[in-house]
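Dropping the structure in here first, questions after.
Each value in this text was obtained by applying a stated rule to the coordinates, not by laboratory testing. Note that this is a predicted model, so its numbers are computed, not measured. Here the Cβ positions follow ideal geometry from the backbone for every residue, glycine too, while neighbour counts run over all protein chains shown.
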Amino acid sequence: MLELINVKKSYPEPDGSVLPILNIPEFEVAAGEEMALVGRSGCGKSTLLHTIAGISRPDSGNVRVDDWEITLMSESECDRFRAQRIGYVFQTFNLLSGFTALENVLLAMRFTGRRPNRDRARHLLERVGLGERMTHRPPMMSVGEQQRVAVARALANQPKLVLADEPTANIDTGHQQQVLDLLRESCREENVALIVVSHTPQVAEQFDRIDNLEEFNRVRAKK
Amino acid sequence: MSLWKVAWRSIQQRALASALTAFSMGLGVALVVAVLVIYSVVEKSFRRGAQGYDLIVGAKGGKLELVLNTVFYLGAPVHNIPYDYYEEFTIGRFETAVEAAIPICMGHAYKGAPVVATVPEMFDKLKYLGEYKYEFLEGGNFTYDDHYGAVVGWEAARKTELKVGDTFQPVGVSPDGTADHEDEPFTIRGVLKYTGTPNDSAIFINMEGFFLCPAHTKPDSPAKRLLQLDKTAPGNPEKTGNVGADEDAPEAGSDDPSAQQVAEEHTGDPQQQSGHEKHAHHEHHKEVTAVLVCTDMERPQLAMNLAEVVNEGQDAQAVKPARVISNFLSSVVGNIELMLLVIAVLVVIVAGIGIMVSIYNSMSDRRHEIAVMRALGASRWIIMVVILMESILLSLGGGVLGVLLGHGLIGALSPTIYEETGVVVSALEFKWVELILIPGLIILATAVGYLPAVAAYQTDVAKSLTATQ
């Protein structure tokens, strides 16, 4: 479902030199598979997720999602593809504060180019236990509730892959498990592949597959 | 969820800043609306006020002064013309070219309302706005014999609280605006219905009563008296019908030695001379401010030449009020309107720049929000369109507010404008040019929204997302 081959990514430094971030010969995730991606801060986890989502372009290599080669797509095609096939859960939830819970989910649907499915948006919010809080805006919700809205939003367009970047980092311990369970259950129900980036061992240990980016990223391996 | 709603939500998030920028736009638009509507109403009112007659004949001098004074009751009183010149239009050489000739005498007021001395035909033969007959809300017109009868305009009745049966004393007003004498009291016979013309604000009195006041006649030059005595000599059929009407009039000017001398020299009969003197005084020392002339439509050629013939003479001038007003509007008022409009449009542009600054300044706070939308699949173009929509919504919102403010302002000021100028302005007076404001504001909003939209377009998603992690 997800395949990265010889993906390299680097950033220019202010002194004109180039700082390599990613050098991944091969990385695969099967359809419906759940995995944890771990590694130290700054090892390139977020950059990898951005590259998979098409937010950042690799300097070289191939990124295939659901048999679509996203490195060959134009930027607008990539945007549309991301909206339709990839769900994103951010560490800081990144809900739009001016919109209600329902509108946050509907907004994600809007960017697919298709008519937003209000029934599905409601269903997803009910599924994450926010049936009574659909018209509430993020500032009126607890952090746990906000992250549940983020989960519903990530699944809004029936994606093939959900990328979760430290989804429990900003949640108190009591709610961390709840959100993680919800995310995994929802992905299972929808048969969605899930990559959870975390540097919390308790989170990573719950997954059958745990990949350490520092082990397969040759940039870091050299250091 | 439409993109308009996305833009609207962004505006709501910055409610205060958005409201202030929209308000500044509103003020600019209100100014544009006020200028457009007031000019349009002023123009219409001026044009309408000058309808109902083709010519105004008055003393030689400023044409505009004559029209403003006689039609709109504005400005300082103009000089008068002899009463017998008026008679040229009723029984004299111009009679065949006119359908109606209405004399008016200005220079009096009552409680701030101009008092106009005229004849009953003013309301019987003239039509206001060119086609409507004058009607009375209460009572009716005064008659010739009712020397101290009067009719009050709709607005003047409201302002002076005069009603049918009330009496009042017009006060003569000097050119410097001060009262110089008081007349006999007149009695209100009728209250006119609303006409939307300057006549609403005036009181009309019988000219016969007006001339009965000694202050309203003045001695003629000896040469003119000689001419008048010739005209009023027994056997002259032109004037005999009016003698009886003058018997009740107070005698004035008989102590003028030069007049007596002229009369004696002419007739040689002291008794006859005395009678002639009296008649001459009452009939020929009268003056009128102007004559409102309706030309005879069945004799268009005569009518066309009438103004030329009058203007060729030394006694008076004839002006076409519609043309004078048209020239006045285009040369004076039109330029003022243009100047005000330019200022108002500049205010709108400044307000537009305010919107640009407001949105652009918000960009640093919104980069993260934009990055999130991009991460969710929004293209650069969608982000750009949302920002432009935001600019358009603010501009149009300000525009709608401005239209309401502008018309509200007009409504609020309309009584004052009416009081001061006699021009009727309504808050609901819309001008089609206002419709240009909509595409105009959209174009302005697109132009001023372009810079922040480009800034949004160029947002580095990965960098903005990473910065907040």
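Which distance in nm do the two modelled labels at B:S364 and B:Q314 give, with both placed 7 Å along the Cα-to-Cβ direction?
Once both label points are built, they end up 8.3 nm from each other.
Expected output is a single nm value to one decimal: the length gained when fully extending between B:I438 and B:L20, i.e. 0.36 nm times separation in residues minus the C-alpha distance. What is it?
Stretched out fully, the B:I438 to B:L20 stretch lengthens by 148.5 nm.
Here's another thing I want to ask about it. Whose amide H sits under 5 Å from the amide H of B:V288, counting only residues 5 or more places off or on another chain, with H placed in the peptide plane?
The answer is B:I81, B:Y83.
Taking a threshold of 32 Å on the Cα-Cα distance, which of the pairs B:K63/B:K111; B:K44/B:K286; B:K5/B:K44; A:K8/B:K5 fall above it?
Flagged as over cut-off: B:K44/B:K286; B:K5/B:K44; A:K8/B:K5.
Which shape class applies to chain A: rounded if a/c is under 1.5, otherwise prolate when a/b exceeds b/c and oblate if not, where a ≥ b ≥ c are the square roots of the Cα gyration tensor eigenvalues?
Here chain A falls in the prolate category.
Give me, ordered by chain and number, the residues 5 or more places off A:V89 or on other chains with an amide H under 5 Å from its own placed amide H.
Result for A:V89 returns A:L163, A:A164, A:D165.
Could you pull out which residues in region B:118-154 have an amide N less than 18 Å from a spot 7 Å beyond the Cα of B:Q169, following the Cα-Cβ vector?
B:148-150
Out of all DSSP beta bridges with both ends in region A:2-222, state the antiparallel percent to the nearest 5.
DSSP beta bridges in region A:2-222 are roughly 50 percent antiparallel.
Moving on to the next point. How far apart, in nm, are the 7 Å Cα→Cβ label points at A:E69 and B:I353?
5.2
Let me ask another. Partner chain Cβ atoms within 10 Å, averaged over the residues of A:90-101 - can you pull that number for me?
The shielding value for this peptide is 5.
Still on this structure: Just to check I understand the Karplus step: with θ = phi - 60° and J = 6.51 cos²θ - 1.76 cosθ + 1.60, what whole-Hz values come out for region B:15-21, glycine and proline as x?
4, 5, 4, 5, 4, 5, 5
Also, quick follow-up: Mind listing the long-range amide H neighbours of B:F204? Cut-off is under 5 Å, sequence gap 5 or more, other chains count too, H placed in the peptide plane at 1.01 Å from N.
Amide H to amide H, under 5 Å and 5 or more residues apart or across chains, B:F204 pairs with B:V116, B:V151, B:V152, B:G153.
Rounded if a/c is under 1.5, else prolate if a/b beats b/c, else oblate: with a ≥ b ≥ c from the C-alpha gyration tensor eigenvalues square-rooted, which is region A:100-204?
oblate
Measuring from label point to label point, each 7 Å out along Cα→Cβ, what is the B:T90 to B:E131 span in nm?
Between B:T90 and B:E131, the label points sit 3.0 nm apart.
Let me ask something else. Based on the mean of other beta carbon atoms within 10 Å per residue, what is the order of A:14-22, A:182-190, B:97-105, most packed first?
Final packing ranking: B:97-105, A:182-190, A:14-22.
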